[in-house]
Amino acid sequence: MKKSVCRPLLAAVLVLGGVLSHAEATPTPSAPKPVVVGVEDDCAPFAWVGQDGQPQGYSVDVVRLAFSEMKVPLKLVVLPFERCMREARLGKVAACFNSMFNEDTAKEFHLHQAPLFHEPLGVLALASAPREVMDQQAMQGRTVGYVQSYQYPDWFIKSTTITRVPARNDKALLLMLARGRVDFALYGPTMAAWYLQTAPELRGVKLRLVGEVSNDGFGVAFSRRHPQGEALRHGFDQALVKLQARGVFTALRSKHLPALEP
């Protein structure tokens, strides 16, 4: 009696054991590794680091949505801008943003067709200052502040008649203008509007855009040395078209990008 009971049990155990052994021997497919993309750390409201240590901003949201549309897992790494571009140039990250879209960048990177945004290099003045329209010629003989780590046109850097006053960062530049240390500041109006809304030191300060030196496009520079760089750029272009058709950019601009009062 015991034999008749034990033999079926033994057979069942052997079969089950074989199934388990087979299941254990069959490897489960691993999830694809996320693509590592660099994002600059200090370009609010387009990209900056929040209090939680995570990147946020208009460009960050667009890039995340585009990679989700591409069904490509993404890992964002926050870096100072110059290092971000260097890592992308070497292929250590697949791409970097926000990069200026110009001929020099296009020679070194794969650029998508439409920039993520345009931001003028504006001439800013106090709202209480006399109303005048400023351009390259009108700034001769005036005192103009700028952020020392940013790129500016050669005519501005090499001018012998403009008194240039460097600031260590964005907020310092706007405070310099607010306190009357300079006549004007060369700076992006969207970025200025964001600081006026968020920085306690600038509460109550009113600025006005009185001219534009340029109006450049910015976006994601995909590495030419990264094995996925060109394919990612192609997929990113397609994803942006789909997002545009769904009106995503309009909603994100409303959420993230303030404007200076006229």
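Considering only helices (runs of 4 or more DSSP H) fully contained in the range 148-256, which possess at least 2 residues that are of a type in the set (Phe, Trp, Tyr) and either in contact (Cβ under 8 Å) with a residue 24 or more places away in the chain or out of contact with any Leu (no Cβ under 8 Å at 6 or more places or on another chain) (or both)?
154-157, 189-198
Write out, first by first residue and then by second, each pair whose Cβ atoms fall under 8 Å of each other, whose residues are 6+ apart or on separate chains, and whose first residue, in the range 71-95, is closer than 19 Å to ALA231 by Cβ while the second is crowded, with 17+ Cβ neighbours inside 10 Å and among the charged types (D, E, K, R).
So the pair list comes out as VAL93/GLU87; ALA95/ARG233.
Conditions tested, residue by residue: (1) of a type in the set (Lys, Arg); (2) farther than 14 Å from MET70 by Cβ; (3) open to solvent by less than 20 Å² (accessible area, probe 1.4 Å).
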residue	(1), (2), (3)
PHE222	no, no, yes
PHE236	no, no, yes
GLN244	no, yes, no
THR250	no, yes, no
ARG253	yes, yes, no
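Select from the range 86-108 the residues that are over 15 Å from the mean Cα position of the chain (by Cα) and closer than 23 Å to GLY188 by Cα and write down the one among them that is surrounded by the most Cβ atoms within 10 Å (Cβ to Cβ).
Among them, the one singled out is THR105.
I need a count of the residues in the range 165-179 that are open to solvent by 50 Å² or more (accessible area, probe 1.4 Å), modelled with pLDDT under 95 and either over 27 Å from the mean Cα position of the chain (by Cα) or charged (D, E, K, R) (or both). Break it down into steps so the answer makes sense when it comes.
The initial filter retains those residues of the range 165-179 that are open to solvent by 50 Å² or more (accessible area, probe 1.4 Å), namely 166, 168-169, 171, 179.
Next, from what is left, pick out any that are modelled with pLDDT under 95: 168-169, 171.
Filter once more, so that each one left must be either over 27 Å from the mean Cα position of the chain (by Cα) or charged (D, E, K, R) (or both): 168, 171.
Within the range 165-179, residues that are open to solvent by 50 Å² or more (accessible area, probe 1.4 Å), modelled with pLDDT under 95 and either over 27 Å from the mean Cα position of the chain (by Cα) or charged (D, E, K, R) (or both) number 2.
LEU209: closer than 13 Å to ALA259 by Cα, over 20 Å from the mean Cα position of the chain (by Cα) and surrounded by 18 or more Cβ atoms within 10 Å (Cβ to Cβ), yes or no?
Taking the combined requirement at face value, the residue satisfies it.
Quick grid of which residues meet (1) farther than 19 Å from TYR187 by Cβ; (2) open to solvent by less than 60 Å² (accessible area, probe 1.4 Å):
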{"position": "LEU65", "(1), (2)": "yes, no"}
{"position": "CYS84", "(1), (2)": "yes, yes"}
{"position": "HIS110", "(1), (2)": "yes, yes"}
{"position": "PHE117", "(1), (2)": "no, yes"}
{"position": "ALA125", "(1), (2)": "no, yes"}
{"position": "PRO130", "(1), (2)": "yes, no"}
{"position": "SER149", "(1), (2)": "no, no"}
{"position": "THR160", "(1), (2)": "yes, no"}
{"position": "THR163", "(1), (2)": "no, no"}
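The values are calculated or read from the model by the stated rules, or taken from the named source; none is laboratory data. These figures come from a predicted structure and were not determined experimentally. Neighbour counts are summed over all protein chains in view; Cβ atoms, including those assigned to glycine, are modelled from backbone coordinates with ideal geometry. These accessible areas exclude ligands, DNA and RNA; they are computed on the full protein's heavy atoms, side chains included. Shrake-Rupley method; radii C 1.70, N 1.55, O 1.52, S 1.80 Å.
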